[in-house]
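Step one of this worksheet: look at the structure below.
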Amino acid sequence: MKIVMVKSVGAAGLERLELKRLTERIGRLFSLLQEAAEVQVPAIAGTWAPPVDVCETVNAICVRIELPGVTAGQLKIGLTSRKLRIYGEKKKRNSRQRIVSHLCSERTYGHFNRVVPLRWTISVKDATASMENGVLLVHLPKIKDRRGSEFRVPITEKEATD
C-alpha cells in the first residue's frame, strides 16, 4: 500500500483559484464578443460589406477580399496590431445608353467598410497588399510573440571613482 501526501489548499485558496479561472474565462468571452461586434456592425444606408476570407499559414495571415469593379485607387487599408480595416467606395458607372428603367439590379454600389480582428502577432511594417481581377490579397507576416519571454539584459560595470 502506497501512501500519497497531498498538501491541502484550504477554502480561501480554492476560492482564489476558482475566481482566477472565472476571471480568465470572462476575459476570453469578452474578447470573442468584441470581435463579433466589430465584424457584425449593422449596415449603414448606402454601404455594403464585401466577402472576406482569412487564412493562416505557418508564417503569415492571408486575407482575401472580393471587390469586383473596384480599383486599387478606390481602396484604403488601415492596419494596427489588433485589426485590419479595408474601406472605400464602389462607384456606379454611368451607362452610355439612356436606360428607361432597370428590370433587375443586383449589384451593390456605395461605401464599404470591413474590419478583420487580428488575434495573431503580426509585423505591421512588413504587410503587403495586391489587387488582381477584383480580388484584394493582404499578406500579413506573423512574428513570434515575445510576451512572457525572458530577455537577458547586459550589465556594464563601471569603475568606481575615488
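Given the options 110, 88, 73, name the one that is over 30 Å from residue 28 (Cβ atoms) and either charged (D, E, K, R) or in contact with a helix residue (DSSP H, G or I) (Cβ under 7 Å, 6 or more places away or on another chain) (or both).
Criteria check complete, one pass: 88.
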Here the qualifying pairs (Cβ atoms under 9 Å; residues six or more apart or on different chains; first in region 18-33 and at positive phi; second exposed (fewer than 10 other Cβ atoms within 10 Å of the Cβ) and part of a helix (DSSP H, G or I)) come out as none
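Name the strands (runs of 3 or more DSSP E) wholly within region 55-101 that hold at least 1 residues that are within 14 Å of residue 118 (Cα to Cα) and touching a Cys at 6+ places or on another chain (Cβ under 6 Å)?
The qualifying strands (runs of 3 or more DSSP E) are 60-66.
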Residue in region 66-73 that is within 11 Å of the chain's Cα centre (by Cα) and surrounded by 12 or more Cβ atoms within 10 Å (Cβ to Cβ) present:
no
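Tell me which residues, restricted to region 1-57, are among the hydroxyl-bearing types (Ser, Thr, Tyr) and either within 24 Å of residue 120 (Cα to Cα) or at pLDDT 70 or above (or both).
23, 31, 57
The values are calculated or read from the model by the stated rules, or taken from the named source; none is laboratory data. Because the structure is a prediction, the values reported are computed rather than measured. A quick note on method: Cβ atoms are made from the backbone with ideal geometry, for glycine too, and the neighbour counts reach across all protein chains shown.
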